[in-house]
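*Asks:* Okay, here's the structure, questions in a sec.
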Amino acid sequence: MYRVRFLLIFLRCLVSAKPPVNKERRLSFRAIPFIDTDVSRMFVHSYALFMELGVWHLLFGSEFRNLAVRYKWAPVTTGVVINYKRSIRAFQKFELRTRVIHWDENRFYLEQCFDVSGQTFVSALGEGVVRSPQGVLRPGDVFAKAGYEGPAPEPSEDTKKRITYLKKAWLGNVPDQLRTQSGFHALFSGSGS
């Protein structure tokens, strides 16, 4: 079912206008029993699949699409923090909202919310990178090429805390010699020893 939804989103993006890269994207779905849910509630992995569809919608539905094809770029999710408030149930219609909320020197950050009847049931903060054949790209450069002018959006205080949590979780899994900026760059660019 993921592949069918993916193709439908891709086709929809091909025929739709391309809004600015910093504009929120919305997708509507219905939770299908025994595919997205067990007997009554959505599987945890289903949320991740829908979130990836939201990322692809952001990519294909903006200027990123042309850049990704031209330069062979691909978004890569590097970490996610998910807050579950209520479960989405079988047959329930929901909307997935995806938006870029911030980026720094190394990562971009997306907020994704699963809403049912205007109420947020699940929210997630995802961090990622854009990879090219030459290595990981700096988010500021990627957004500038995609037509976004100006500094990175400033996140709320709550979002800053969640970003800090993601960074600490990531750095906790990196050897000490790679925690420097040059080590980080060498790790992902392939230029290190």
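The values are calculated or read from the model by the stated rules, or taken from the named source; none is laboratory data. On a predicted model such as this, the values are computed, not experimentally measured, just so you know. For neighbour counting, all protein chains shown are included, and Cβ atoms are generated from backbone atoms with ideal geometry for every residue, glycine included.
*Asks:* Scan the stretch 69-91 and give yes if some residue there is without any contact (Cβ under 8 Å) to a residue 24 or more places away in the chain and on the phi < 0 side of the Ramachandran plot, otherwise no.
*Replies:* yes
*Asks:* List pairs: first in the stretch 44-63 and closer than 16 Å to residue 33 by Cβ, second surrounded by fewer than 20 Cβ atoms within 10 Å (Cβ to Cβ) and modelled with pLDDT of 90 or more, Cβ under 6 Å, 6+ apart or cross-chain?
*Replies:* 49/2
*Asks:* What pairs can you find where one residue is in the stretch 143-170 and over 14 Å from residue 109 (Cβ atoms), the other is in a helix (DSSP H, G or I) and at pLDDT below 90, and their Cβ atoms are less than 6 Å apart, with a gap of 6+ or different chains?
*Replies:* Here the result reads 146/64, each pair linking the stretch 143-170 to a residue that is in a helix (DSSP H, G or I) and at pLDDT below 90.
*Asks:* Also: Kindly provide the set of residues from the stretch 13-32 that are surrounded by 13 or more Cβ atoms within 10 Å (Cβ to Cβ) and either under 25 Å from residue 90 (Cα atoms) or touching an Asp or Glu at 6+ places or on another chain (Cβ under 8 Å) (or both), ordered by number.
*Replies:* 18, 21, 25, 26, 27, 29, 31, 32
*Asks:* Can I ask one more? Out of 140, 118, 135, 150, I need the residue that is more than 14 Å from the chain's Cα centre (by Cα), surrounded by fewer than 16 Cβ atoms within 10 Å (Cβ to Cβ) and under 18 Å from residue 65 (Cα atoms). Which one?
*Replies:* 140
*Asks:* On to the next question. In the list 122, 142, which residue meets the criterion of being modelled with pLDDT of 90 or more, part of a strand (DSSP E or B) and among the hydrophobic types (A, V, I, L, M, F, W, C)?
*Replies:* Testing whether each residue is modelled with pLDDT of 90 or more, part of a strand (DSSP E or B) and among the hydrophobic types (A, V, I, L, M, F, W, C) leaves just 122.
*Asks:* Looking at 69, 76, 81, which one is within 24 Å of residue 132 (Cα to Cα), surrounded by fewer than 19 Cβ atoms within 10 Å (Cβ to Cβ) and touching a Lys or Arg at 6+ places or on another chain (Cβ under 8 Å)?
*Replies:* 76
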